[in-house]
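Take a look at the structure below.
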Ligand code: 13P
């Protein structure tokens, strides 16, 4: 399978942004701008929990899919402040971001909890966007590959080859997130190819070739074309630029052409 046969996915990660009226307005603006991508690539907006129902209503009948920003691994119970996979699927949520570096850095997320969340999401029928990436000093110490290999192995522990058809991997170098310091096309391609090689080792070449691997970290309307043209970059997980309808739609168009 080559790149053209993989599903390209451009996903916005809104993080902790937008009230409900703001979310509605942004999605109303995005919808017509990305309508041409229907049937060509997948367009996703991952929004705060409070916006999910609004987002699903606003995007009904359009080609914009909705994702959540996190999910808990238990089905229900005494887990104050958490949201279960069933709560998300019942709303009509399709994707969920798991293991974002901000969760790992600020909220004590570990590879073990990323793995548990990923397996719970898959069991409930959600498509997890599993985020991996190295810190700046890890890159400087030349251990990027060790870090990524470890994350991939632990985060996907006990995820079956069949389930991998619903898993998206996002490579997000932590030093590139929200910093304006985008990885070069070559740096991003190198690690995305490495991730695919790890998946081939853990599963098979066939499984690895079918997995959508996104790049994330300061991707924007100006730098997206070069990144999305790389052979192992099948899409993007977009933070800041996903909050501007025009910029987000330019990235979507680049992926359609990519
Ligand atoms: P920025 O695009 O704002 O750098 O954020 C990237 C990101 O964290 C997406 O998950």
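None of the figures in this text is laboratory data; all of them are computed from the coordinates on show. The shown structure was predicted, so the numbers you read here are calculated from the model rather than taken from an experiment. Heads up, the Cβs are rebuilt from the backbone with ideal geometry, glycines too, and the neighbour counts pull from every protein chain shown.
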Q | Relative contact order, percent, segment 52-154 [alpha-carbon distance under 8 Å, six or more residues apart] | A | 25
**Q.** Mean Cα-pair separation over length for segment 143-258, i.e. relative contact order, pairs under 8 Å, 6 or more apart, %
**A.** 26
Q) Where does each of 120-130, 192-202 land if you order them by average Cβ count within 10 Å, highest first? A) 120-130, 192-202
(Q) Roughly how far apart, in whole Å, are the Cα centres of segment 37-69 and segment 1-23? (A) 8
(Q) At a 10 angstrom cut-off on C-beta neighbours, averaged per residue, how do the peptides 163-169, 91-97 rank from highest to lowest? (A) 91-97, 163-169
Q. Extension gain residue 20-residue 36, at 0.36 nm per residue separation less the Cα-Cα distance, in nm?
A. 3.2 nm
(Q) Just want the ordering: 137, 157, from fewest to most Cβ atoms lying within 10 Å of their own Cβ. (A) 137, 157
Q: Going by C-beta contacts inside 10 Å, put 185, 234 in order with the fewest on the left.
A: 185, 234
Q: Given the options 160, 110, 118, state which has the largest fluctuation in a GNM of the chain using a 10 Å cut-off (strictly under) for Cα springs.
A: 160
Q: Provide 69, 246 in ascending order of the number of other Cβ atoms located within 10 Å of each residue's Cβ, fewest first.
A: 246, 69
Q | Spatial separation of Cα centroids for segment 115-170 and segment 186-258, in angstrom | A | 15
Q. So what are the radius of gyration and Dmax for the Cα set of segment 71-213, in Å?
A. 15.2, 46
(Q) Given N residues in the chain, what is its alpha carbon radius of gyration divided by 2.2 N^0.38 Å? (A) 0.92
(Q) For a Förster distance of 22 Å, can you work out the FRET efficiency between the beta-carbons of residue 165 and residue 186, rounded to the nearest 0.05? (A) 0.15
